[in-house]
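As structure tokens, the structure follows; a few thoughts come after it.
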Amino acid sequence: MKKGVIEKAEKFELHHKIIFFFVIMLLTILITRFIIYYIADPNIKIRGLELHHFDYGLILLVITSLLMLFGKKHNRLYLIFVAISLGLIIDELWFIRKQIGGNNPAIYNPSLIWVLLVAISIVLLAFLISYISKKK
């Protein structure tokens, strides 16, 4: 009886972590879209190199990965940082794949549905991996 309660609690916590991850990732995408739409050019230029939110997401993902690998304690903030970085990367990746140049919100906004579908696919894949790993 006690073992069953612990297993149920672990499944409940994992389920809520995945939902929390998904919500943070979607909020990141939506906030990014809002900023892109209402700010003419939010990209920073350093010596001719223009940084996009893909770059910010990649940098955040690398830093978080290094902290997760070499840090002394497991911090719950890592989940938030990875969700934000993947939201930034997924959002810009779709934009890059469409091979659209410049910062044109009118062209950029219609890809939101496809970006959200990619994000949902990632979450469903996480559920599948979790389910398969629990069965083994």
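Readers should treat all values here as calculations from the given coordinates under stated rules, not as data from a laboratory. Being a predicted model, the structure only gives us computed values, none of them experimental. Counting neighbours? That spans all protein chains shown, and the Cβs are built from the backbone with ideal geometry, glycine included.
Let's see how each residue does on (1) among the charged types (D, E, K, R); (2) free of Cβ contacts under 8 Å to residues at least 12 places away in the same chain:
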site	(1), (2)
Phe20	no, no
Arg33	yes, no
Ile44	no, yes
Arg47	yes, yes
His52	no, no
Val62	no, yes
Leu66	no, yes
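For segment 20-53, which residues satisfy the criterion of being in a helix (DSSP H, G or I), surrounded by 17 or more Cβ atoms within 10 Å (Cβ to Cβ) and within 16 Å of the chain's Cα centre (by Cα)? Of everything in segment 20-53, those that are in a helix (DSSP H, G or I), surrounded by 17 or more Cβ atoms within 10 Å (Cβ to Cβ) and within 16 Å of the chain's Cα centre (by Cα) turn out to be Phe21, Phe22, Ile24, Met25, Leu26, Thr28, Ile29, Thr32, Arg33, His53.
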